[in-house]
Structures are given as C-alpha cells and as structure tokens.
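The values are calculated or read from the model by the stated rules, or taken from the named source; none is laboratory data. Keep in mind the model is a prediction, meaning the values are calculated, not measured. For neighbour counting, all protein chains shown are included, and Cβ atoms are generated from backbone atoms with ideal geometry for every residue, glycine included.
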Amino acid sequence: MRVVHELPGRIRFRCGSCCDSRLGAEFAEALPHAVRGVRHVRSSPMARSLVVAYDGSEETRAALLGLIEATPVELVPYRPQPKPTAKYLRGTLLSATVLLAGRLLPPNVRLAVTWLIVTPTLLKGVRALLTRGLSVAALDAAALSIALLRGEAGTAAATLTLLNLGNYLEATTSEASNDLLRRMLALPPARAWLETADGTLAEVAADDLREEDIVVVGPGDMIPVDGQVVSGAATVNLASITGESVPIDREAGGRVVAGGVVQQGRLRVRAIRVGNATTTARIAEFIKSALNRKPVIQSEAERLAEHRVLLTLGLGAVTFLLTRDLNRLASIFLVDYSCALKLGAPVAIKSALYRGAKSGILIKGGRSIEALTEVDTVVFDKTGTLTFGDLSVTDVVPVGDRCSPDELLALLASLEEHTTHPVAEAIVKEAHRNAAFHHIHHDEVAFIVAHGLISETDGKRIVVGSRHFLDEHEHVPFAPFRSDAERLEAEGKLLLYAAIDGEPAGIVGLRDRPRPEATAAMARLRELGVRTLVLLTGDREAKSRALADDLGLDMVFADRRPDEKAIVVRDLQAEGRTVAFIGDGVNDAPALIAADVGIAMPRGADLTRATADVVLLRDDLFGVVQARALASETIGLIQSNFRWAVALNTLLFIAAVTGRASPVFSTVAHNGVTIGTLVRALIAPQRSELPHGS
C-alpha cells in the first residue's frame with residue numbers, strides 16, 4: 001500500500017491487489033479508533049484505493065503510516081457486493097424519476113417504461129415464490145402486477161418508489177445497528193516503544209512484543225499490552241474498554257489493559273498478555289461471536305412473520321372473491337406483518353449488545369440476553385465475587401501472658417513477610433499500618449505446606465498456622481481458649497494461631513472484605529424479579545453463613561469442592577429453577593458451564609471468561625444488576641414492538657379490506673410502521689439509563 005496523492009488533512013493510498021485485507025470494511029471502520037486524529041476513511045477495493053481524512057498533524061500522519069505498514073497483509077477473496085442501501089437508493093431515485101416525468105410521456109410509453117423498471121421486482125418475487133414459497137417479495141410483486149395489468153402506471157411507479165424507499169430506510173437502520181457494534185472493535189495500536197536490554201527505547205510493531213517485555217507509554221499513547229506497571233505514575237482512560245469515562249490513576253504495582261489511553265504521566269509496563277490474548281482483542285472476538293448467536297425470540301419472530309404472509313394471502317383471496325375489487329386486493333398485498341417482526345428483534349439485540357459493551361458488560365449474543373430475563377435464582381461464589389478476595393485483620397487476641405497485641409502482630413508480620421500467601425499479606429499490611437510496628441529479627445523460616453511456618457527468635461521457637469497444625473502436630477494446648485476461637489469463628493472469621501516455646505501465644509482473626517455495593521446489588525436483583533439468592537463456596541459453614549446473613553441471602557452451600565459446585569447448580573435446576581452463576585476462579589468454570597447463564601467477574605481467569613455467557617469489565621457487582629436490567633428491557637422492547645406492529649398493521653388490513661386504503665396509502669403506512677419499529681429498536685435502548693449503585 002503506497003501513497004498516491006496527498007493534500008493537507010487528506011491522503012490516498014493504493015494497494016497492489018483489490019484482495020488486500022486492509023481494503024476491507026472492518027479495517028476501514030476500525031482505523032479512526034486506532035489512530036487518534038483520523039476523522040473519516042473511505043475504502044474502494046475495486047479501485048484498490050483507501051482514502052483517509054485526518055486532522056492534518058504530522059503526528060497523526062506518522063501514526064497512520066506506521067499502522068498501515070505494521071498491519072499484516074492478508075489476501076482475501078474479493079467479491080463485489082454493493083451495500084443494500086446503495087441499491088435501494090438507486091432504485092428509489094429511478095422509480096421516483098419515472099413517476100415525476102411520466103406525465104410528460106404518452107400513456108403507452110409511460111406504461112412501457114414502468115413495466116421496465118418494475119420487472120426486476122417482479123422477477124425477484126417469482127424467484128422467491130419458486131424457492132421459498134409465499135413471501136413478502138411475492139406479495140409485493142403480485143400487487144405491482146395488478147396495478148400494471150390494469151394500466152395504472154402511476155400507481156405502480158408510486159408503489160415501487162415507496163417500496164424502495166422503505167427498503168432503503170430499513171437497510172440504513174440495520175446497518176446503523178451493525179455500526180454500533182463495529183465501534184467496539186477498535187484496533188490495538190500498531191506500534192509500541194520497547195525498552196531494550198541497555199535501557200534505550202526502540203519503536204517496534206506491537207505484534208512483535210512478547211510476554212515479560214517492558215514497554216513505555218506516554219501521554220496520548222494507547223497501551224499495547226495487558227500488563228503490570230513497573231514504575232511511573234499516570235492517569236489512564238479506559239472508556240473504550242470498561243465504559244468508565246472517569247480516568248483512573250495507575251502507579252507501580254497496578255494493572256493496565258490494552259486499549260487504555262494514557263492521558264497524563266508516563267508508565268513502564270511489564271507485558272503479561274500480548275497480541276490476541278489482550279483484553280482489547282478478546283473483547284473484539286467476544287462481540288464477533290455474539291453476532292452469530294441467533295436468539296430464540298428472533299427465530300420465533302421469523303416463524304410468526306412467515307405465517308403472517310399466509311394470513312395476508314388468505315385475507316386477500318377472500319376479499320377478492322367477495323368484492324371482485326383488484327384495487328382492494330393490491331392494497332392488502334402491500335400490507336404485511338413480517339418486515340417489522342423479522343427486523344425488529346435483531347436490531348434491538350445488536351443495540352443492546354453495544355449498550356452493554358459501552359457499560360462494561362459483554363454479553364454473548366441474543367440467547368444470553370433471553371436467558372438472563374428468565375433467571376429466577378442467582379448463585380454467587382464468595383471469594384472475588386461477594387468479597388474482594390483480599391483478607392484484612394480484624395482481631396489480634398493474645399492468650400496467656402507471652403506478649404501484647406502489638407508485639408504479637410509485629411512478631412507474626414516479621415515471619416509472614418517472607419511468603420505471598422493472602423493471610424501473610426494481610427498480616428504484614430496490618431502491621432505496617434501500626435505506628436508501633438518494628439521488625440523482629442528471626443532465624444530462617446521453615447514453611448510447612450498447607451499447615452504453617454516455624455522459626456526462632458532470641459532462642460524461642462515460634463510456630464504459626466492452623467488450629468489443626470498446632471493441636472495435632474505441635475501439641476500446643478489451645479483448648480483452654482476455645483471460647484475466644486468459637487466467638488471469632490461464629491463471626492465468620494478465618495483464624496490463625498501462634499505459639500511460643502510450645503505454649504499458646506495468640507489468635508488472629510481475619511476476614512474477607514465484603515464489597516460495599518453487595519447489599520444494594522442484592523436488593524436491586526430482587527426488585528428485578530430474582531426470587532432466590534444463593535452463596536456457594538468452599539469456605540466453612542459458620543464463615544459462609546455469617547456473610548450470607550449480612551447480605552440477606554436465602555441459601556448457603558458451604559464446604560463445597562470445585563467439582564461439587566456444578567452439582568449444586570444442576571440440583572437447583574432440577575428443582576425447576578433457571579440459574580445464573582457468578583464466579584471468577586478457574587475452579588468456577590464447571591459451574592459456569594452448568595448454569596443457564598454464567599457470569600464472570602473482571603478479575604476472572606481466562607478459562608472462566610471463555611466459558612461465561614456474560615463477562616463484566618468493571619469490578620463491581622452492579623454489573624450483574626445492569627446485565628439483568630438490560631436483558632429485561634431488551635426483551636420487553638422486542639415484545640412491545642411486536643404488539644405495536646401487529647396492532648397497527650391489523651388496522652391497515654381493515655382499511656384495505658373495506659376499501660378505505662389505496663395501494664399507495666397501504667405502502668406508505670406499512671413502511672411507516674416498519675421504519676418506526678426499527679428506529680425504536682435502535683434508539684430506545686440508548687436513551688434509557690441502567691441502574692447503578694449509590
């Protein structure tokens with residue numbers, strides 16, 4: 001692809017082959033999202049041409065050239081397929097011209113010219129009749145034939161003009177719904193700044209990046225990888241990924257995702273996922289697969305639409321037999337239910353998928369939207385879903401007279417800082433918040449897998465771990481302090497025990513940090529029609545029950561292994577429930593698959609996301625509420641449009657049967673109903689607001 005012509009703010013490229021994939025619609029539509037400053041792109045594979053309008057800056061021009069150069073060249077079969085909108089627009093202009101100029105022609109010539117422009121529509125109706133049986137195309141052809149056979153060239157031309165105009169508006173609306181989704185398929189940046197071994201920066205193709213590479217991202221740059229910030233600080237806009245318009249702060253240790261844009265500051269990022277494994281690429285793949293999943297309601301609408309064609313034919317035949325009025329017959333044939341019924345559902349579904357993606361909710365197609373509306377039981381995994389998955393210290397209880405609370409916490413933190421276990425991280429974090437904390441020197445720490453750790457300090461043997469480890473293996477007598485332990489366990493806390501020289505020293509209580517929005521989210525789910533809320537976890541009964549009571553959940557399944565979670569889901573389904581399961585871990589995948597709707601939290605593992613029907617991009621439980629509300633609104637809109645279209649078209653049928661509607665009026669009114677249905681399906685979802693937390 002080379003530059004063949006250039007003006008300020010406009011550049012034309014030409015490819016060596018019309019089969020170059022960079023001339024495809026997907027590349028052209030994603031280009032303005034991939035290069036900031038690109039305003040418009042026009043592609044013509046037949047002319048091997050790509051025209052780009054941009055803001056005229058040298059930076060945008062360089063970025064554009066770099067992206068085009070770095071994009072892999074693929075040759076795809078080129079089959080010229082004009083957009084339906086262009087075809088129908090040409091037909092509308094042609095028939096309108098004949099209609100307006102026809103009065104200047106002799107009647108015989110006017111009729112011959114009208115036959116000429118109507119013939120393609122008649123042939124289309126005949127082909128449809130022979131291949132698909134009765135259809136809207138066949139009825140349209142019959143109505144036009146009646147007008148022509150009666151010598152009514154003006155009626156036929158006007159009817160054809162209105163049919164083409166209606167088809168043009170329908171195609172435009174359908175393309176608009178597709179364009180909504182294509183906006184979510186923005187290309188990741190083509191180039192990236194790679195930090196080399198000697199500390200210098202080298203500009204490389206983003207596709208050449210590998211895991212563990214260090215990339216540098218400055219103001220205005222799009223992040224090319226999913227990774228962890230090594231150093232630096234910046235505000236990052238994730239609107240294209242999560243729909244969150246407020247930029248977030250990121251510094252060393254924080255995570256960033258591909259597609260985010262650095263607004264201020266500078267970051268050095270260690271790549272964790274690159275290429276097709278990045279969040280941006282997976283979102284694009286998720287949306288593409290969603291478009292191929294036709295919902296049951298859409299299939300049902302198509303089936304009902306075909307049945308309505310038979311109704312139109314039967315009604316027309318009866319009317320003609322009773323009245324012998326060809327004008328009424330033509331009017332009836334030009335009214336049908338099928339257009340609004342067949343087109344309304346897919347447009348509403350696509351609009352909902354776009355709206356969900358903009359709000360940080362990826363839904364895997366219309367079937368998942370339908371299933372969400374039918375859910376009456378929602379099952380929550382605990383860690384990472386109802387809680388943040390990170391522990392915090394709630395109680396430090398010395399027993400005996402070995403040490404004070406501050407001394408016990410300092411001792412445990414000094415030992416635990418050598419491990420990355422969540423319990424250890426919580427204790428170290430709590431100790432550093434304590435102004436009295438001081439590090440206690442100790443000998444080498446011995447880690448006993450799944451039990452605890454052992455070390456020595458000032459000649460004293462320190463043992464830290466579970467009650468089982470200290471009681472059964474170390475024979476430390478904690479029985480006298482059972483009341484303290486039972487009190488903490490009843491409050492749903494995880495307990496860590498410590499002993500010094502074989503004598504009890506203390507108990508530390510820890511607890512998951514519940515999500516602050518969890519209680520409100522549960523209440524909103526009930527308002528949206530969910531009858532049963534369930535906690536399903538591998539934690540102990542007391543701890544799980546305490547959390548469930550706090551959040552007002554109805555059922556608790558505790559002490560369940562990963563493989564048992566799917567069994568619980570199936571048991572609930574066997575009771576006649578429609579179940580949604582929400583989780584984030586690899587061990588949640590079987591339950592996600594078993595559920596009627598699987599919902600993955602944003603920090604979920606790759607396998608969890610792959611098996612889910614819905615993926616949340618924001619770490620907020622209100623995403624579940626919004627997904628349910630969006631699904632209910634969408635199905636409600638489709639059903640409302642169905643009733644509206646049937647009612648208005650029925651009135652048109654009555655007018656046509658009674659002779660109060662001419663063929664031209666029938667065409668205008670019927671197309672008006674269809675266009676109104678499509679516009680409502682496209683626009684209505686974008687105007688309503690999804691529920692959100694306080």
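Test residue 126 against the criterion of being among the β-branched types (Val, Ile, Thr), within 30 Å of residue 158 (Cβ to Cβ), modelled with pLDDT of 85 or more and surrounded by fewer than 17 Cβ atoms within 10 Å (Cβ to Cβ), and give yes or no. Spell out how you get there, then give the answer.
Details: among the β-branched types (Val, Ile, Thr): yes; within 30 Å of residue 158 (Cβ to Cβ): yes; modelled with pLDDT of 85 or more: yes; surrounded by fewer than 17 Cβ atoms within 10 Å (Cβ to Cβ): yes.
Yes, satisfied.
So for region 467-475 (the condition being touching a residue at least 24 places away in the same chain (Cβ under 8 Å) and either hydroxyl-bearing (Ser, Thr, Tyr) or surrounded by 22 or more Cβ atoms within 10 Å (Cβ to Cβ) (or both)), does at least one residue qualify?
yes
Out of 401, 443, I need the residue that is outside any helix (DSSP H, G or I), more than 23 Å from residue 471 (Cα to Cα) and either without any contact (Cβ under 8 Å) to a residue 24 or more places away in the chain or not assigned by TED's automatic domain parsing to the domain that holds residue 499 (or both). Which one? Don't jump to the end; show me each part of the working.
Numbers: 401 fails: more than 23 Å from residue 471 (Cα to Cα).
Only one candidate qualifies: 443.
Mind counting the residues in region 411-422 that are free of Cβ contacts under 8 Å to residues at least 24 places away in the same chain and either surrounded by fewer than 16 Cβ atoms within 10 Å (Cβ to Cβ) or of a type in the set (Gly, Ala, Ser) (or both)? If you could, list the steps in order and put the result at the bottom.
Filtering region 411-422 for residues free of Cβ contacts under 8 Å to residues at least 24 places away in the same chain gives 417, 420-421.
This time we only want the ones that are either surrounded by fewer than 16 Cβ atoms within 10 Å (Cβ to Cβ) or of a type in the set (Gly, Ala, Ser) (or both), so: 420-421.
So the count comes out to 2.
Considering only residues that are in a loop (DSSP other than H, G, I, E, B) and farther than 24 Å from residue 254 by Cβ, look in region 197-238 and name the one that is modelled with the highest pLDDT.
The initial filter retains those residues of region 197-238 that are in a loop (DSSP other than H, G, I, E, B), namely 197-200, 209-213, 218-221, 223-225, 238.
Those still in the list that are farther than 24 Å from residue 254 by Cβ too: 197-198, 200.
Values: 197: 84, 198: 85, 200: 88.
Top of the filtered list is 200.
With the condition kept exactly as written, say whether any residue in region 465-485 is within 19 Å of residue 408 (Cα to Cα) and part of a strand (DSSP E or B).
yes
Among the listed residues 511, 531, which satisfies the condition of being in contact (Cβ under 8 Å) with a residue 60 or more places away in the chain and within 19 Å of residue 487 (Cβ to Cβ)?
Numbers: 531 fails: within 19 Å of residue 487 (Cβ to Cβ).
Just a single option satisfies the conditions, and that option is 511.
Can you pull out the residues in region 45-59 that are surrounded by 15 or more Cβ atoms within 10 Å (Cβ to Cβ), at pLDDT 85 or above and not charged (D, E, K, R)?
Initial filter on region 45-59 (surrounded by 15 or more Cβ atoms within 10 Å (Cβ to Cβ)): 45, 48-54.
Then drop every residue that is not at pLDDT 85 or above, which leaves 48-54.
Selection gives 49, 50, 51, 52, 53, 54.
Looking only at residues in region 526-551 that are farther than 20 Å from residue 594 by Cβ and at pLDDT 90 or above, which one is surrounded by the most Cβ atoms within 10 Å (Cβ to Cβ)?
Step by step, filter region 526-551, then rank; the result is 528.
If you take the residues in region 598-621 that are in a helix (DSSP H, G or I) and over 12 Å from residue 582 (Cα atoms), which one is modelled with the lowest pLDDT?
Initially, region 598-621 is screened for residues in a helix (DSSP H, G or I), giving 606-611.
Then keep just the ones that are over 12 Å from residue 582 (Cα atoms); that gives 606-607, 610.
Details: 606: 54, 607: 49, 610: 63.
It comes out as 607.
Kindly check whether there is at least one residue in region 466-480 that is small (Gly, Ala, Ser) and farther than 24 Å from residue 448 by Cβ. Break it down stepwise before answering.
Within region 466-480, the first condition is being small (Gly, Ala, Ser), and the residues that meet it are 466, 479.
Filter once more, so that each one left must be farther than 24 Å from residue 448 by Cβ: none.
Among the residues of region 466-480, not one is small (Gly, Ala, Ser) and farther than 24 Å from residue 448 by Cβ, which makes the answer no.
Under 28 Å from the mean Cα position of the chain (by Cα), outside the structural domain of residue 222 (by TED's automatic domain parsing) and among the small types (Gly, Ala, Ser): which single residue out of 66, 37 fits that description? Even if it seems obvious, please write down each step before you answer.
Values: 66 fails: under 28 Å from the mean Cα position of the chain (by Cα).
On inspection, the qualifying residue turns out to be 37.
Going by what's in this entry, would residue 137 be described as under 14 Å from residue 331 (Cα atoms), at pLDDT below 80 and assigned by TED's automatic domain parsing to the domain that holds residue 324?
No; evaluated as a whole, the condition is false for this residue.
Yes or no: residue 42 at pLDDT 85 or above, under 31 Å from the mean Cα position of the chain (by Cα) and of a type in the set (Lys, Arg)?
Working: at pLDDT 85 or above: yes; under 31 Å from the mean Cα position of the chain (by Cα): yes; of a type in the set (Lys, Arg): yes.
So residue 42 fits the description; yes.
Which of the residues that make up region 425-438 are out of contact with any Leu (no Cβ under 8 Å at 6 or more places or on another chain), of a type outside the set (A, V, I, L, M, F, W, C) and either assigned to a helix (DSSP H, G or I) or at pLDDT 85 or above (or both)?
Across region 425-438, the qualifying residues are 429, 432, 433.
Quick test for you: out of 161, 131, pick the one residue that is out of contact with any Phe, Trp or Tyr (no Cβ under 8 Å at 6 or more places or on another chain), surrounded by 20 or more Cβ atoms within 10 Å (Cβ to Cβ) and at pLDDT 75 or above.
Working: 131 fails: surrounded by 20 or more Cβ atoms within 10 Å (Cβ to Cβ).
On inspection, the qualifying residue turns out to be 161.
I'd like the full set of residues that are within 17 Å of residue 572 (Cβ to Cβ) and part of a loop (DSSP other than H, G, I, E, B), limited to region 521-544.
529, 530, 531, 537
Does residue 539 fit the bill of being out of contact with any strand residue (DSSP E or B) (no Cβ under 6 Å at 6 or more places or on another chain) and at positive phi?
On the way: out of contact with any strand residue (DSSP E or B) (no Cβ under 6 Å at 6 or more places or on another chain): yes; at positive phi: no.
Criteria not met by residue 539.
Could you give me the residue pairs with C-beta distances under 7 Å whose first residue belongs to region 23-48 and is farther than 17 Å from residue 70 by Cα, whose second residue is part of a helix (DSSP H, G or I) and of a type in the set (D, E, K, R) wherever it lies, and which are 6+ apart or on separate chains?
Matching pairs, first to second residue: 29/182.
Among the residues of region 514-525 satisfying the criterion of being without any contact (Cβ under 8 Å) to a residue 40 or more places away in the chain and surrounded by fewer than 19 Cβ atoms within 10 Å (Cβ to Cβ), which is nearest to residue 398 (Cα to Cα)?
Going through region 514-525, the residues without any contact (Cβ under 8 Å) to a residue 40 or more places away in the chain turn out to be 516, 519, 522-523.
The next check asks that each one be surrounded by fewer than 19 Cβ atoms within 10 Å (Cβ to Cβ); those that pass are 516, 519, 523.
Working: 516: 30, 519: 33, 523: 39 Å.
In this case the residue turns out to be 516.
Assuming residue 505 fulfils every condition listed in (1) surrounded by 18 or more Cβ atoms within 10 Å (Cβ to Cβ); (2) more than 31 Å from the chain's Cα centre (by Cα); (3) assigned to a helix (DSSP H, G or I) apart from one, which condition is it?
Against the list (1) surrounded by 18 or more Cβ atoms within 10 Å (Cβ to Cβ); (2) more than 31 Å from the chain's Cα centre (by Cα); (3) assigned to a helix (DSSP H, G or I), residue 505 comes up short only on (3).
Would you call residue 448 assigned by TED's automatic domain parsing to the domain that holds residue 508, hydrophobic (A, V, I, L, M, F, W, C) and more than 19 Å from residue 506 (Cα to Cα)? Outline the logic, then answer.
Values: assigned by TED's automatic domain parsing to the domain that holds residue 508: yes; hydrophobic (A, V, I, L, M, F, W, C): yes; more than 19 Å from residue 506 (Cα to Cα): yes.
Yes; evaluated as a whole, the condition is true for this residue.
Listed residues 408, 362; which is surrounded by 20 or more Cβ atoms within 10 Å (Cβ to Cβ) and not assigned by TED's automatic domain parsing to the domain that holds residue 546?
On the way: 362 fails: not assigned by TED's automatic domain parsing to the domain that holds residue 546.
Sole residue among the options that is surrounded by 20 or more Cβ atoms within 10 Å (Cβ to Cβ) and not assigned by TED's automatic domain parsing to the domain that holds residue 546: 408.
Exactly one of (1) at pLDDT below 75; (2) more than 30 Å from residue 160 (Cβ to Cβ); (3) touching a Pro at 6+ places or on another chain (Cβ under 9 Å); (4) of a type outside the set (Val, Ile, Thr) is unmet by residue 23. Its number?
With respect to (1) at pLDDT below 75; (2) more than 30 Å from residue 160 (Cβ to Cβ); (3) touching a Pro at 6+ places or on another chain (Cβ under 9 Å); (4) of a type outside the set (Val, Ile, Thr), residue 23 is out only on (1).
For residue 449, state whether it is surrounded by 20 or more Cβ atoms within 10 Å (Cβ to Cβ) and either of a type outside the set (S, T, N, Q) or at pLDDT 85 or above (or both). Spell out the reasoning first.
Details: surrounded by 20 or more Cβ atoms within 10 Å (Cβ to Cβ): no; either of a type outside the set (S, T, N, Q) or at pLDDT 85 or above (or both): yes.
So residue 449 does not fit the description; no.
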